[in-house]
Amino acid sequence: MIQPRTLKGFRDYLPQAMLAREHLIETARGVYRSYGFAPIDTPALEYLEILAGKGSDETDKQLYKFTDAGGREVGMRFDLTVPLARFAAQYAQQLGLPFKRYHIASVWRGENTQRGRYREFMQCDFDTIGTESQASDIETALVIHDLLTKIGFADAFTIQVNHRGVLNGLLETLDLADQSTHVLRAIDKLAKIGPEKVAAEMQETAGASIEQAGEVLQFAALEGPNEQVLEQLKPMVAGSEVGEAGLARLEEVLSGIAAAGVSPERVKLDVSIARGLDYYTGMIYETTLAQLPDIGSVASGGRYDNLAQMFTKQKLPGIGASLGLDRLLSAMEELGMVPEVRTPAEVFVPLFNEELLGPLLKLSNDLRSAGLRVELYNEPKKLGKQLQYADKRGHRVAVIAGPDEIEAGECQVKNLADGSSATVKLEAAAGEIEKILAGK
RNA sequence: GUGGCUGUAGCUCAGUUGGUUAGAGCGUCGGAUUGUGAUUCCGAAGGUCGGGGGUUCGAGACCCCUCAGCCACCCCA
């Protein structure tokens, strides 16, 4: 016998997990579409040269690669951004710009596993490419805002925004511009490891002096209402072209988000967020949950100057972000937001005996025609057993129709949550069920 | 990739200084005069003690290797 098992970092999803997962994905899809983002898909496998050398050395190490039967060097995609770059370079002419797309798909990274970190996981990206407009910057935040709201976090999250130009402007004035990657990476850890360690890291990896590190930390510590922070930033980046431009854009974006009707409490200018990725050049976004700030960002992204420079001479600026599906799911699990349901069908129809199979198939189909999801039990077991099954699965309503009811053209509609039931004409069953599902 | 912790039934865990036939709760399945679950009672099935090797008269307990999970670093979703 072969032992049934899955590879390290790869997972199976049971119905309960998968229902929650699909619900999240459908919500994300709905939000993306509501802004006009169109779906695309790309192959899981790409020529190795497309994927290799795109991220850091780190991503190269994590890349799953092999030689296929035709002798081609191929790799499995490790994110959705590189495939998008290739895709955009290849189809920019026929797509037209700006191009807004979403892409929900699995990616693979051969890195060491940890809680919430797997070798196969799903990304839910949305990007707008071919424009540097403030509108696209603002919309990115609005999409994130809608995502979290629709998923059920209402007012319990904060979108932190920042602008790489402001960070780089400061580094310019401090004469640390050529070390920006190291400095930003260090700043990104501020919340996690504290100012002393960040200062030490900056001195070590970026060769910053104690004074420079101090200035950076002082900058990163800026706090308060958005307007106030903006004011304080002005003198700090004065004289730096990128710094001033970044600050201006930040101001525009914040007021745009407010103009869209988003509560100002949801969006916070936080100069300490940097995002690890080198390729961000403009606005950057992170999202944390009020109840679980420690799990980190559940939706993040930013603007990049030139997405597809590896693949085309055409300049394709863009902005995008991604929903951290797995992280969000584990957060929701922790917060008890994942219902204990193992069936997608709200209605359960027990099978009394084989003689009634015909009428019950008909009844089930009529209910489906009325827009309900109905499971007809497949074996004529004892009613108690069948109801037990329905209860375990999380069906909400049972429609019980035995010989007596069928004879009278009736059925019993039973609310499985409280045990109450009502006997109604078969034609009225759907309406009765709707009443229960509506919660009254 | 580096370092640390862990691995006993489907799940959560007990298993005394190594000592005979490895236990519980939950879950699963079956039953309690065959039409009512979530809240009863009874019963049953289910374990290569992650896998392999070693030490020992004897290993679930000790040692080595390996696989997997968790945590930290790294990086990131």
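The values are calculated or read from the model by the stated rules, or taken from the named source; none is laboratory data. Not measured: the values here are computed from a predicted model. All Cβ positions, even for glycine, are placed from backbone atoms using ideal geometry, and neighbour counts span all protein chains on display. These accessible areas exclude ligands, DNA and RNA; they are computed on the full protein's heavy atoms, side chains included. Shrake-Rupley method; radii C 1.70, N 1.55, O 1.52, S 1.80 Å.
I'm checking my understanding of the structure. Among residues of the range A:370-396 that are more than 10 Å from RNA strand B (Cβ to nearest atom) and open to solvent by less than 100 Å² (accessible area, probe 1.4 Å), which one is nearest to residue A:427 (Cα to Cα)? Ranking the qualifying residues of the range A:370-396, first place goes to A:370. Any idea which residue in the range A:229-286 is farthest from RNA strand B (Cβ to nearest atom), counting only those that are open to solvent by 40 Å² or more (accessible area, probe 1.4 Å) and either aromatic (Phe, Trp, Tyr) or in contact with a Pro (Cβ under 8 Å, 6 or more places away or on another chain) (or both)? Among residues in the range A:229-286 that are open to solvent by 40 Å² or more (accessible area, probe 1.4 Å) and either aromatic (Phe, Trp, Tyr) or in contact with a Pro (Cβ under 8 Å, 6 or more places away or on another chain) (or both), the one farthest from RNA strand B (Cβ to nearest atom) is A:258. If I filter the range A:421-429 for residues that are more than 24 Å from residue A:19 (Cα to Cα), open to solvent by 80 Å² or more (accessible area, probe 1.4 Å) and of a type in the set (Val, Ile, Thr), do I get at least one hit? For the range A:421-429, residues more than 24 Å from residue A:19 (Cα to Cα), open to solvent by 80 Å² or more (accessible area, probe 1.4 Å) and of a type in the set (Val, Ile, Thr): present. Inclusion of residue A:150 among residues that are basic (Lys, Arg), open to solvent by 20 Å² or more (accessible area, probe 1.4 Å) and in contact (Cβ under 8 Å) with a residue 12 or more places away in the chain is warranted. A search for C-beta distances below 8 Å between a residue of the range A:313-338 that is within 16 Å of residue A:21 (Cβ to Cβ) and any residue that is in a helix (DSSP H, G or I) and not aliphatic (A, V, I, L, M), counting only pairs 6+ apart in sequence or on different chains, returns A:325/A:21; A:329/A:21; A:332/A:152; A:337/A:152; A:338/A:16.
Does the range A:293-321 hold any residues that are within 13 Å of RNA strand B (Cβ to nearest atom) and either open to solvent by less than 30 Å² (accessible area, probe 1.4 Å) or over 16 Å from the mean Cα position of the chain (by Cα) (or both), and which are they?
Within the range A:293-321, A:294, A:296, A:297, A:298, A:299, A:300, A:301, A:302, A:304, A:320, A:321 qualify.
Which of the residues that make up the range A:18-47 are under 14 Å from residue A:102 (Cβ atoms) and either open to solvent by 70 Å² or more (accessible area, probe 1.4 Å) or among the charged types (D, E, K, R) (or both)? Working first, answer last.
Taking the range A:18-47 as the starting set, the residues that turn out to be under 14 Å from residue A:102 (Cβ atoms) are A:24-42.
Hits for the range A:18-47 are A:26, A:29, A:33, A:34, A:39, A:41.
For the range A:384-394, the criterion of being among the small types (Gly, Ala, Ser) and in contact with a Ser or Thr (Cβ under 8 Å, 6 or more places away or on another chain) is met by at least one residue. Could you check the range A:390-440 and list, in sequence order, the residues that are assigned to a helix (DSSP H, G or I), more than 13 Å from residue A:346 (Cα to Cα) and out of contact with any strand residue (DSSP E or B) (no Cβ under 7 Å at 6 or more places or on another chain)? If the condition is that a residue be assigned to a helix (DSSP H, G or I), more than 13 Å from residue A:346 (Cα to Cα) and out of contact with any strand residue (DSSP E or B) (no Cβ under 7 Å at 6 or more places or on another chain), then A:403, A:404, A:406, A:407, A:408, A:427, A:428, A:431 are the ones that fit. The listed residues are A:144, A:193, A:129, and the only one of them that is open to solvent by 10 Å² or more (accessible area, probe 1.4 Å) and at negative phi turns out to be A:193.
Among the criteria (1) modelled with pLDDT of 90 or more; (2) of a type in the set (A, V, I, L, M, F, W, C); (3) open to solvent by less than 50 Å² (accessible area, probe 1.4 Å), the one residue A:95 does not fulfil is (3).
Yes or no, residue by residue, for (1) within 22 Å of the chain's Cα centre (by Cα); (2) farther than 30 Å from residue A:306 by Cα; (3) at pLDDT 90 or above:
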| position | (1), (2), (3) |
| --- | --- |
| A:326 | yes, no, no |
| A:331 | yes, yes, no |
| A:335 | yes, yes, no |
| A:343 | no, yes, no |
| A:357 | no, yes, yes |
| A:371 | no, yes, yes |
| A:374 | no, yes, yes |
| A:391 | no, yes, no |
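Put simply, of A:365, A:353, A:415 the only residue that is over 30 Å from residue A:28 (Cβ atoms) and modelled with pLDDT under 90 is A:353.
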